[in-house]
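The values are calculated or read from the model by the stated rules, or taken from the named source; none is laboratory data. Fair warning: this is a prediction, and the values are worked out from it, not measured in the lab. Because the Cβ atoms are built from the backbone with ideal geometry, glycine has one as well, and the counts that use them run over all protein chains shown. We work out accessible area using only protein heavy atoms, side chains counted, and drop any ligands, DNA or RNA first. Shrake-Rupley method; radii C 1.70, N 1.55, O 1.52, S 1.80 Å.
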Amino acid sequence: MWIGFREFLGWVIVLVGLALIAMVLLLALNRSVFEAMALSFPAAIVFRAGIGLVRMSAAARIALSLHNRDAS
């Protein structure tokens, strides 16, 4: 199955979000609580944006395949 550019970009953004969440956990374990708190909100936003992009591109791919099936 071919993966589109938007879906690939969505997975890259999800991985960046997971890396930021891991950084938040490492900062919290090293007793840098204020830095972890400051990074937690952007990490959540990046992760949610990636998940949203993956969901949107998967839905568009499914809708396009249904449209192509109905057209033939």
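General observations
- Positions within region 40-72 being within 21 Å of residue 17 (Cβ to Cβ), surrounded by 15 or more Cβ atoms within 10 Å (Cβ to Cβ) and not β-branched (Val, Ile, Thr), in sequence order: 40, 43, 47, 49, 50, 53, 57, 58
- Sole exception among (1) among the hydrophobic types (A, V, I, L, M, F, W, C); (2) more than 10 Å from the chain's Cα centre (by Cα); (3) exposed (fewer than 14 other Cβ atoms within 10 Å of the Cβ) for residue 20, by number: (3)
- Residue that is farthest from the chain's Cα centre (by Cα) [pool: residues in region 1-17 that are touching a residue at least 40 places away in the same chain (Cβ under 8 Å) and in a helix (DSSP H, G or I)]: 6
- Residue within region 41-52 that is assigned to a helix (DSSP H, G or I), modelled with pLDDT under 95 and among the hydrophobic types (A, V, I, L, M, F, W, C) present: no
- Yes/no for residue 28 being at pLDDT 95 or above and either in a helix (DSSP H, G or I) or open to solvent by 90 Å² or more (accessible area, probe 1.4 Å) (or both): yes
- Out of 36, 71, 58, one residue alone is of a type in the set (A, V, I, L, M) and within 13 Å of residue 6 (Cβ to Cβ). It is 58.
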